[in-house]
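Comments concern the structure below.
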Amino acid sequence: MTAIELIEYVINNNLINVIIDDLGCHDLKEYSTELRCGLPGHKNKTSISIKKDTLKVKIFQSDGDIIRGNLLTLIMTIKNISFVDANKYLHKLLGLKYKYKKNKSKEEVNKKDPLEIFKKIKRKRNTVNTNDIEIYDNNIIEEYEPVLFVDWVKEDGITEFTRKRFNIGYSHKHKRIVIPIRYWSGEDNDYIGIIGRTTVKNYDLLDIPKYYPLKPYLKTLNLYGLQENYQSIQEANMVVVAESEKSTLKRHSRLDGTVVALGSHSLSEEQIKILIGLNTEIVIAMDQGININHIRSMCENFFGIRHISYIYDKWGLLKDKEAPMDLHDKYYKFLLKHRINYDDKEHKEYLKYLKELENAKK
């Protein structure tokens, strides 16, 4: 199960008490909407707050800080383990099978299948689902040099800390920055593809694509950066949805782990499901130039289900095709602070637009 499915399983089967007991928490008390208990080894009997309907967690620390997140965050904090290990721990405790696709060896990755072309044709005829995802291990990035392209450092402020976390590299052969794509619900070394960003100047004049898949994958079944940023998103209770992978990297370099990327300016059904499952506020942050009603159409997928908002530049801070994440930190935070809540008024504006569109066709 994914983390989202695990939390739903715990809620539906009323298993939270079993987990709290196994973690060594003490003095559990149940209230109408929440559970309260104490951290192992601490005297405070109410330092942990767990919402019964969502398993959202607050951990009140002795220094006054509050750790926010969900059940996985609680396990990671108490046991001092990674997100993946917390996932495995829950599976084992609840007697669930931890399903894991075996990574392909380097030989398997490079081996040519004589029937591959026919298999691809067959897959395209079928409805795409998560079973179509191929998982690879670190072997697929071994040929690339683990360095930052200098322009990304000078012009975009992307740090070595972020390069290491996202395994960014460089391909001398392709003259491209290498962006490996981790599977959002997989383990740390589960990759589903690689995007290459050209470093050739005037690439457009030379008819060279800016982004090119070095290892193609189905973008519609994934959210770039979610695997790396899951814990930060839960702690912030907010996920910011951008277009490009670079937006995720820029914000991570500024110690902001709330941004994920679609790889386009539209949402797939699977991406909508993943975002809803995070149970946080969802902030749509498209590039400048995207029509406001297109942004509203994206928000419609979450209206009445999750707290949904969007960033829209009314102050002329962004140039055409710039992303909010391209701005200086203080201007990005300004736009985020003044994001527009997608409420009943916004919903009615969108319905009005649809009606006008329909009348124009008549």
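Can you tell me how much longer the chain between Asn189 and His338 gets when fully stretched, taken as 0.36 nm per residue apart minus their C-alpha distance, in nm with one decimal?
49.9 nm
Run the reach check for Lys201 against aspartates and glutamates, Cα to Cα strictly under 15 Å, same-chain hits fewer than 8 apart removed. What comes back?
Hits, sequence-local ones excluded: Asp151, Glu155.
Using alpha carbons only, how many angstrom separate the centre of segment 197-235 from the centre of segment 152-195?
Each part reduced to its Cα centre gives a spacing of 9 Å.
Between beta-carbons, use under 14 Å as the cut-off and find the net charge around Thr46, counting Lys and Arg +1, Asp and Glu -1.
+2
Under a 10 Å cutoff between Cα atoms, tell me which one of Glu245, Glu30, Glu235 has the largest fluctuation in the Gaussian network model of the chain.
Looking only at Glu245, Glu30, Glu235, the biggest GNM fluctuation is shown by Glu30.
Give me the number: length gained by fully extending Lys321 to Lys97, i.e. 0.36 nm times residue separation minus the C-alpha to C-alpha distance, one decimal in nm.
Difference between extended and current length: 76.1 nm.
Work out the length of the dipole vector of the chain about its Cα centre, built from +1 on the beta-carbon of each Lys and Arg and -1 on the beta-carbon of each Asp and Glu, and round it to the nearest 20 debye.
The dipole magnitude comes to about 500 debye.
May I ask you to derive the FRET efficiency for Asn291 and Tyr203 from their Cβ-Cβ distance with R0 = 22 Å, giving the value to the nearest 0.05? Working shown, then result.
Details: r = 27 Å, r/R0 = 1.21.
Efficiency computed from Cβ-Cβ geometry: 0.25.
How big is the dipole moment of segment 222-362 about its Cα centre under a simple scheme where the beta carbon of each Lys and Arg is +1, that of each Asp and Glu is -1, and everything else is neutral? Debye, nearest 20, please.
The calculation lands at about 360 debye.
Using the count of nearby Cβ atoms within 10 Å as a rough guide to exposure, how do Thr2, Thr73 rank from fewest to most? List each step's numbers first, then the result.
Details: Thr2 15, Thr73 22.
Listing Thr2, Thr73 from fewest to most nearby Cβ atoms yields Thr2, Thr73.
Mind checking the dipole of segment 3-93: about its Cα centre, +1 per Lys or Arg Cβ, -1 per Asp or Glu Cβ, Debye to the nearest 20?
Approximately 140 debye in magnitude.
Report which label in (1) 22.5; (2) 28.1; (3) 21.8 holds the value of Kirkwood radius over Cα pairs in Å derived from the coordinates of this structure.
(1)
Report the one residue of Tyr212, Pro324, Cys299 whose Cα lies farthest in the direction of the positive end of the charge dipole of the chain (charges on C-beta: Lys and Arg +1, Asp and Glu -1; origin at the Cα centre).
Ranked along the dipole, the leading option is Tyr212.
Which length gain, in nm to one decimal place, applies between Asp329 and Lys361 when the Cα-Cα distance is subtracted from 0.36 nm times their residue separation?
The Asp329-Lys361 span can extend by a further 7.2 nm.
Around Asn12, under 14 Å between beta carbons, what's the net of Lys plus Arg minus Asp minus Glu among the other residues?
Once all neighbours under 14 Å are counted, the net charge is -2.
Please order His294, His174 by the number of other Cβ within 10 Å, starting at the fewest.
Least to most surrounded, the residues fall as His294, His174.
Coordinate-derived values only; no laboratory data. In this text the structure is predicted, and so the values were computed from the model without any measurement. Virtual Cβ from ideal backbone geometry, glycine too; neighbours counted across all protein chains shown.
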